[in-house]
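Chemist: The structure's right below; bear with me while I get my questions together.
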Amino acid sequence: MMILHINTKDQKVVEVSLKKDGEVMASLSQENEYGSQVLLPLIEKLLQTYTPGVQVQKQTRSANCANSNWKILTGIEVETGPGSFTGLRVGVSVANALGLSLGIPVNSKKIEDNLVY
């Protein structure tokens, strides 16, 4: 199972990673004053990096989910807080849109889920 993990809890830093069986296979992050503007291009770059034989077609408005590099995804995991309200909202919106367009499940993950007591 290849899971796309989206973390937009900090409004100015976007982090995306690919996880296979719980292990991070590839990860990218980018600082930007407007994190929402870099999220989809960052996901496309991550998928292109992880699947180097697949060409990503340049899109002006939206991700081209017909490209085969998107087809490696079997699910999406998105951070849901705590964090920047706007940043989280952007991450959840993109995750839901991708999940719907690709026909794959979207799961939420709270930051506390990562803590060990």
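Chemist: Pick from segment 1-11 the residues that are among the β-branched types (Val, Ile, Thr) and in a strand (DSSP E or B): which of them is farthest from residue 70 (Cα to Cα)?
Modeler: Taking the candidates together, the pick is 6.
Chemist: Take residues that are of a type in the set (Gly, Ala, Ser) and either at pLDDT 80 or above or buried (at least 18 other Cβ atoms within 10 Å of the Cβ) (or both) and tell me which of the strands (runs of 3 or more DSSP E) falling wholly in segment 12-117 contain 3 or more.
Modeler: Ranges flagged: 23-31.
Chemist: Six or more apart or on different chains, Cβ atoms under 6 Å: show the pairs whose first residue is in segment 37-51 and charged (D, E, K, R) and whose second is surrounded by fewer than 19 Cβ atoms within 10 Å (Cβ to Cβ) and outside any helix (DSSP H, G or I).
Modeler: Partner pairs satisfying both residue conditions: 44/56.
The values are calculated or read from the model by the stated rules, or taken from the named source; none is laboratory data. Predicted model, so just to flag it, every value in this text is computed and none were measured. So basically every Cβ, Gly included, is an ideal-geometry build from the backbone, and we count neighbours across all protein chains shown.
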